[in-house]
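What follows is a short report on a single structure.
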Amino acid sequence: MDINTVDPEIAALIHDEEKRQAGKIRLIASENYVSRAVLQATGSVLTNKYSEGYAGHRYYEGQQVIDQIETLAVNRAKTLFGAEHVNVQPYSGSPANLAVYLAFMKPGDSFLGMALPHGGHLTHGAKVSITGKFFDAHAYSLEEGTDILNYDTIRKIALEVKPKIIIAGHSAYPRIMDFAKFREIADEAGALLWVDMAHFAGLVAAGVHPSPVPYADVVTTTTHKSLRGPRGAMILCKEKYAKAIDKAVFPGLQGGPHDNTTAAIAVALKEAASDEFKAYGRQIVANAKVLGEELSKRGFQLVTGGTENHLMLIDLASKNTGGKAAAKALDAAGIVLNANAVPFDTRKPMDPGGIRLGTPAVTSRGMKEQEMKVIAELINAVITAPEDEAVRNASLATVDALCKRFPAPGLEELA
Ligand code: DSN
């Protein structure tokens with residue numbers, strides 16, 4: 001029996017979400033549209049299997065097929081990113097990151113990551129996260145005035161703290177980090193270098209962003225952001241850390257891997273190795289650049305003055321509004337993004353001073369520079385007059401027309 005018969009309530013809600021995703025301009029920098037092939041693998045009978053362990057060394061029998069699937073996923077990731085060792089089992093980004101701590105640190109050990117309000121991730125040592133509670137977390141910030149990383153300052157902190165690990169990587173930094181510099185600093189401080197490339201993994205795969213893999217001891221990534229796979233994660237590392245990482249993921253932190261997700265990761269990695277994906281990566285960056293420039297022209301203040309990757313952070317102080325009010329007004333007008341803290345923000349986390357925008361999802365729909373100009377104008381109109389119904393309705397009509405012209409992958413029939 002299909003879901004419409006078994007549970008019409010959930011079926012209807014899933015359909016509502018399909019319509020929402022098909023009919024909105026989605027600018028949340030960490031979201032995307034996976035292909036139908038990735039959806040099919042995710043929703044397959046592989047969800048019925050348990051397979052604790054690794055290919056060839058499992059605790060339960062019946063792994064004839066699963067071993068082949070996981071081996072394909074691992075080999076594809078190794079080839080795509082040039083990694084010596086890959087673990088594809090972490091359930092998502094936070095567990096992948098926790099596994100790295102578990103592999104190399106004891107409670108109370110110190111590490112150095114990017115401050116959350118300056119673009120780092122919760123799991124890079126935020127006080128509210130287990131990573132900030134169980135370890136001695138130190139943070140580096142952006143430089144006041146430029147909002148850019150200052151590597152001399154990071155080096156100074158690293159030499160003072162002598163952390164076990166230095167984390168490079170972010171959730172909201174619109175610039176390319178200098179991985180060679182981080183490597184130098186880590187070597188001088190006697191630390192391991194870990195890069196969390198969750199946000200820009202798709203750009204690395206497409207060859208439009210420097211790869212951290214040659215520089216880092218360990219690289220973590222989610223698989224569902226710019227990489228355009230299912231909700232999941234991977235850990236890439238040097239061969240000498242393979243055992244420590246594998247043991248930390250299982251049995252250290254997790255039970256059986258989600259084999260349906262592993263298969264979907266393998267599909268996404270195959271897609272990401274294609275020429276089409278290289279063009280996709282180039283277009284994500286080109287779209288972000290134009291969207292940023294067009295917003296700048298309209299008086300929006302881009303943190304760091306621009307973008308080199310897929311995302312922009314906008315300080316709304318010059319527009320006399322907070323991030324939450326702006327994000328809510330835009331959502332009502334068909335444009336979905338998130339409120340975000342900006343560096344040196346004095347507002348509260350639930351209503352920070354800025355918004356974050358990214359282009360991976362709209363680029364998956366085939367939108368290009370011309371459409372970014374239209375979107376910038378819509379954003380400006382809505383944020384300038386958030387209560388104006390005529391402006392909201394005009395935005396909704398334009399969003400609807402754009403979404404019909406550029407059907408969402410996997411949801412084409414709803415266009
Ligand atoms: N929640 C993700 C993001 O939006 O960047 C990070 O895990």
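The values are calculated or read from the model by the stated rules, or taken from the named source; none is laboratory data. Values in this document were obtained by computation on a predicted structure and should not be read as measured data. Positions of Cβ are backbone-derived with ideal geometry, glycine not excepted, and every protein chain shown enters the neighbour counts. For accessibility, only protein heavy atoms count, side chains too; no ligands or nucleic acids. Shrake-Rupley method; radii C 1.70, N 1.55, O 1.52, S 1.80 Å.
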Subject >> In Å², nearest 10: area of residue 98 left accessible to a 1.4 Å probe >> reply: 50
**OP:** Specify whether the C-alpha gyration tensor of the stretch 221-353 places it in the rounded, prolate or oblate class, a ≥ b ≥ c being the square roots of the eigenvalues: rounded for a/c under 1.5, otherwise prolate if a/b is larger than b/c and oblate if not.
**Re:** prolate
**OP:** Please work out how much accessible surface residue 280 shows to a 1.4 Å probe, ignoring ligands, DNA and RNA, in Å² rounded to 10.
**Re:** 20
**OP:** Return, for the Cα atoms of the chain, the radius of gyration and Dmax in Å, separated by a comma.
**Re:** 21.5, 63
Subject >> Where GluC sites (Glu not before Pro) in DSSP loops with at most 11 other Cβ within 10 Å are excluded, longest remaining stretch of the chain >> reply: 145-386
**OP:** Quick one: order 247, 181 from most to least accessible surface, probe 1.4 Å.
**Re:** 247, 181
Original post:
If 123, 321 are ordered by their accessible area, calculated over protein heavy atoms with a 1.4 Å probe, which sequence runs from highest to lowest?
Top reply: 321, 123
Subject >> Accessible area (Å², per residue) of the chain, counting only protein heavy atoms and a probe of 1.4 Å >> reply: 43
**OP:** Let me have the relative contact order for the stretch 102-215, percent, based on Cα pairs under 8 Å that are six or more residues apart.
**Re:** 24
Subject >> residue 150 long-range amide H proximity, modeled H, under 5 Å >> reply: 143
Original post:
Using the Kirkwood radius built from alpha carbon pairs, what does the Stokes-Einstein equation give as D for the stretch 324-415 at 20 °C and 1.002 mPa s, in µm² per second?
Top reply: 152
**OP:** Keeping the other protein chains in place, figure out the carbon and sulfur percent of the accessible area of the chain, with a 1.4 Å probe.
**Re:** 55
Original post:
Which one of 370, 5, 111 has its Cα pushed farthest toward the positive end of the charge dipole of the chain, where Lys and Arg give +1 and Asp and Glu give -1 at the Cβ?
Top reply: 111
Original post:
Any idea how far the Cα center of the stretch 84-146 sits from the one of the stretch 28-68, in Å?
Top reply: 27
**OP:** Could you pull the accessible area for residue 384 with a 1.4 Å probe, rounded to 10 Å²?
**Re:** 100
Subject >> Rel. contact order, % - alpha carbon contacts under 8 angstrom, at least six apart, the stretch 43-108 >> reply: 16
**OP:** Would you please classify the overall shape of the stretch 159-290 from the alpha carbon gyration tensor, given that a ≥ b ≥ c denote the square roots of the eigenvalues, rounded means a/c under 1.5, and beyond that prolate means a/b larger than b/c while oblate covers the rest?
**Re:** oblate
Original post:
According to the Kirkwood expression over distinct Cα-Cα pairs, how big is the hydrodynamic radius of the stretch 255-298, in Å?
Top reply: 12.9
**OP:** From largest accessible area down, sort 91, 59; use a 1.4 Å probe on the protein chains.
**Re:** 59, 91
**OP:** Starting from the Cα-Cα distance between residue 346 and residue 3, subtract it from 0.36 nm times their residue separation and give me the gain in nm to one decimal.
**Re:** 118.8 nm
Subject >> Residue with peak Gaussian network fluctuation, the chain [Cα springs, cutoff 10 Å], from 305, 323, 125 >> reply: 305
Subject >> Alpha-carbon centroids, the stretch 321-374 and the stretch 275-310: separation in whole Å >> reply: 13
Original post:
What percent of all Cα-Cα pairs in the stretch 79-179 falls in each 5 Å bin, counting up from 0?
Top reply: 2, 12, 22, 23, 20, 14, 6, 1, 0
Subject >> In the stretch 30-137, trypsin sites (Lys or Arg not before Pro) in a DSSP loop with at most 14 other beta-carbon atoms within 10 Å >> reply: 127
Original post:
In whole percent, what relative contact order does the chain give with Cα contacts below 8 Å and a gap of six or more residues?
Top reply: 23
**OP:** Please list the equivalent ellipsoid semi-axes of the stretch 1-137, computed as the square roots of five times the alpha-carbon gyration tensor eigenvalues, in descending order and whole angstrom.
**Re:** 32, 26, 16
**OP:** Give me the orientation-averaged projected area of the Cα convex hull of the stretch 106-161, in nm², one decimal.
**Re:** 3.8
